[in-house]
Amino acid sequence: MNDVVIVGAGPVGLMLAGELGLAAARALVLDKRLEPSELPRANGLTGQAVDLLDQRGLLKRFGKGSSFSGKPPRFPFGPVTLPLARLDVPFRALIIQQPRLERLLAERAVELGAEIRRGWEVRSLTQDEQGVTLAVEDDRQVRARFAVGCDGGRSPVRQQVGIGFPGTTDDQVLRLGHFRGRPELDGLKPGWNEFPHGRVLLTSLRRGVHVVGVREKGEAGPVTADGFRAALRRVTGRDLPLGEPIWLTATVAQARLAERYRAGRVFLAGDAAHLFPAGGSALNVGLTDAAELAAKLAAHLAGAPARVLDAYESERRPLAERTLAHTRAQAALERLSGEDGAALRDLLTEVFAYEEPARHLAALLHGSRTPYVPPGAAGQRRRRRFPLRASRA
Ligand SMILES: Cc1cc2nc3c(=O)[nH]c(=O)nc-3n(C[C@H](O)[C@H](O)[C@H](O)COP(=O)(O)OP(=O)(O)OC[C@H]3O[C@@H](n4cnc5c(N)ncnc54)[C@H](O)[C@@H]3O)c2cc1C
């Protein structure tokens with residue numbers, strides 16, 4: 001019997017497989033896709049995920065050819081810039097495109113003894129006292145002592161074990177496009193540009209490739225080049241030449257947290273457990289979920305009492321709650337338009353210039369175990385945990 005079956009060969013499943021291998025546990029990864037995904041989703045890693053690669057001696061290998069690795073001089077907190085250059089904080093970032101990250105994580109997992117089977121779609125799952133049986137299409141079955149759903153936001157595993165995924169879906173859609181050449185977007189500045197009915201992002205990821213984002217009220221759906229142009233026209237009121245599209249997508253931000261991280265012998269990690277409505281934190285939390293879960297599963301498989309497994313949820317869920325809270329705040333800042341939004345963003349820019357608030361925000365983005373008092377907790381307790389000190393001018 002396999003020690004652990006991981007459903008999903010995304011970054012989190014692959015990190016988990018490698019970490020289990022490092023601890024001498026046997027992992028089998030199943031993914032419904034025949035080939036690794038080439039979708040240009042995440043552009044990099046931040047905070048504890050970078051520390052994790054460093055601790056494993058992987059930073060040089062993963063950072064090879066990267067356009068940035070180290071402490072960034074500034075970092076976005078939603079639409080507000082957090083200045084980090086003058087702060088002595090451990091927050092680091094690594095620019096790495098998600099397909100390359102997944103390729104390297106898969107290589108590492110296999111080097112450490114994991115098996116990856118592609119074209120294996122898990123259809124159902126049952127468990128008993130000894131293990132978990134996963135049914136795959138074509139009447140194939142796989143059995144393991146434990147199973148982990150690293151199968152993304154829609155997580156069939158989470159649905160199979162009946163764990164709820166409460167939260168909210170944004171009413172705005174972000175259409176994103178990568179374009180070859182330089183789009184002639186006259187009058188638009190790099191970064192976000194605000195219009196009465198939406199916002200337009202203009203940035204570049206690598207030489208010769210420009211990224212354009214159009215945010216407006218609406219729902220996700222397939223995006224065509226014509227549809228993208230029409231959205232840009234609706235928001236800016238102009239026809240703007242975009243260049244040759246390489247990749248187009250539409251995403252709607254969601255803020256969701258699984259009610260539980262475990263149902264018996266089945267665990268959840270990564271997007272299957274949490275979806276954050278602002279960028280930059282998903283992989284930080286997801287990859288470190290994987291490392292912590294691997295350590296606990298391996299310890300139990302090596303003889304530690306079953307209660308070691310309970311610590312996974314009690315340690316990881318509070319971090320996801322905290323991350324959900326600050327990414328919700330970032331998303332709210334993104335949504336607020338007009339003069340009110342501008343005033344709030346300007347005020348926060350002023351506040352972030354002070355060392356103490358900037359340090360606190362850097363710790364949140366890093367994913368340090370900053371204490372979190374859930375809404376509704378006693379104000380007294382909240383004050384003790386978040387002392388408001390006089391700012392230094
Ligand atoms: C446009 C965009 C930009 C992003 N930018 C960033 C960023 O800058 N920083 C950041 O941290 N995050 C970013 N993210 C989020 C990041 O991409 C996700 O958090 C990350 O991919 C989650 O990894 P995961 O392994 O949990 O799930 P996924 O990457 O979704 O992988 C899930 C895997 O499970 C497989 N699967 C699903 N169902 C089954 C089944 N029944 N049987 C077998 N296999 C199954 C899928 O094929 C897939 O390979 C971005 C996302 C998008 C869409």
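The values are calculated or read from the model by the stated rules, or taken from the named source; none is laboratory data. All of these numbers come straight from a predicted model, not from anything done at the bench. As a convention, Cβ positions derive from the backbone with ideal geometry for all residues, glycine included, and neighbour counts pool all protein chains shown. Only protein heavy atoms, including side chains, enter the accessible area calculation; ligands, DNA and RNA are left aside. Shrake-Rupley method; radii C 1.70, N 1.55, O 1.52, S 1.80 Å.
The share of accessible area on the chain that comes from carbon and sulfur is 51 percent, using a 1.4 angstrom probe.
Summing +1 for each Lys or Arg and -1 for each Asp or Glu among the other residues whose beta-carbon sits under 12 angstrom from that of Val209 gives +3.
Students often get this wrong: which residues of the range 126-160 have the backbone nitrogen under 15 Å from the point 7 angstrom along Cα-to-C-beta of Ala220? Inside the label zone: 151-156.
The modelled label-to-label distance between His360 and Thr251, using points 7 Å beyond Cα along the C-beta direction, is 2.8 nm. When only the Cβ of Lys, Arg, Asp and Glu is charged (+1, +1, -1, -1), the dipole of the chain relative to its Cα centre reaches about 880 debye. Can you give the net charge of the other residues whose Cβ lies under 14 Å from the Cβ of Gly191, counting K and R as +1 and D and E as -1? Surrounding charge for Gly191 is +3. Applying the criteria of a DSSP loop state and at most 12 other Cβ atoms within 10 Å to the trypsin sites (Lys or Arg not before Pro) of the range 84-173 yields Arg86, Arg154.
A Förster distance of 35 Å, applied to the separation of the beta-carbon atoms of Lys189 and Arg33, puts the FRET efficiency at 0.35. Here the range 1-46 and the range 279-339 have alpha carbon centers that stand 17 Å from each other.
Eigenvalues of the alpha-carbon gyration tensor of the range 240-279, scaled by 5 and square-rooted, set the equivalent ellipsoid semi-axes at 35, 12, 6 angstrom, largest first. Positive contributions from Lys and Arg (+1) and negative ones from Asp and Glu (-1), summed over other residues with Cβ under 12 Å from the Cβ of Gly181, come out at +1.
With springs only between Cα atoms under 10 Å apart, run a GNM on the chain and tell me which of Glu321, Glu313, Glu129 wobbles the most. Answer for the Gaussian network model of the chain: Glu129. The trypsin sites (Lys or Arg not before Pro) of the range 1-79 meeting both criteria, a DSSP state outside H, G, I, E and B (loop) and at most 12 other C-beta atoms within 10 angstrom of the site's C-beta, are Lys64. Loop-resident trypsin sites (Lys or Arg not before Pro) (DSSP state other than H, G, I, E or B) in the range 217-309 with no more than 12 further Cβ atoms inside 10 Å of their Cβ: Arg238.
Quick one: pull the percentage of alpha-carbon pairs in the range 15-169 with a separation above 26 Å. The calculated P(r) of the range 15-169 puts 41 percent of pairs beyond 26 Å. Helical runs (DSSP H, four residues minimum) scored at -39500 (n - 2.57) apiece and divided by the length of the chain put the mean residue ellipticity at 222 nm at -11000 deg cm²/dmol.
At a Cα cut-off below 24 Å, give the lysines reachable from Lys60, other chains included and same-chain residues fewer than 8 away excluded. Partners within reach: Lys71. Note on Ala343 and Arg233: the extension gain reaches 36.9 nm, defined as 0.36 nm multiplied by sequence separation minus the Cα-Cα distance. Kirkwood radius, the chain, all distinct C-alpha pairs, inverse of mean reciprocal distance: 22.3 Å. Over all directions, how big on average is the projection of the convex hull of the alpha-carbon atoms in the range 130-248, in square nanometres? Averaged projected area of the range 130-248's Cα convex hull equals 11.2 nm². The distance between label points at Leu240 and Val308 comes to 5.5 nm (points 7 Å beyond Cα on the Cα→Cβ vector).
Among Gly113, Gly57, Gly164, the largest mean-square fluctuation in a Gaussian network model of the chain, built with springs joining Cα atoms closer than 10 Å, belongs to Gly57. In the full protein context, the range 171-252 carries 54 Å² of accessible surface per residue, based on a 1.4 Å probe and ignoring ligands, DNA and RNA.
Here the extension length gained between Asp138 and Thr203 equals 18.9 nm, from 0.36 nm per residue of separation less the Cα-Cα distance.
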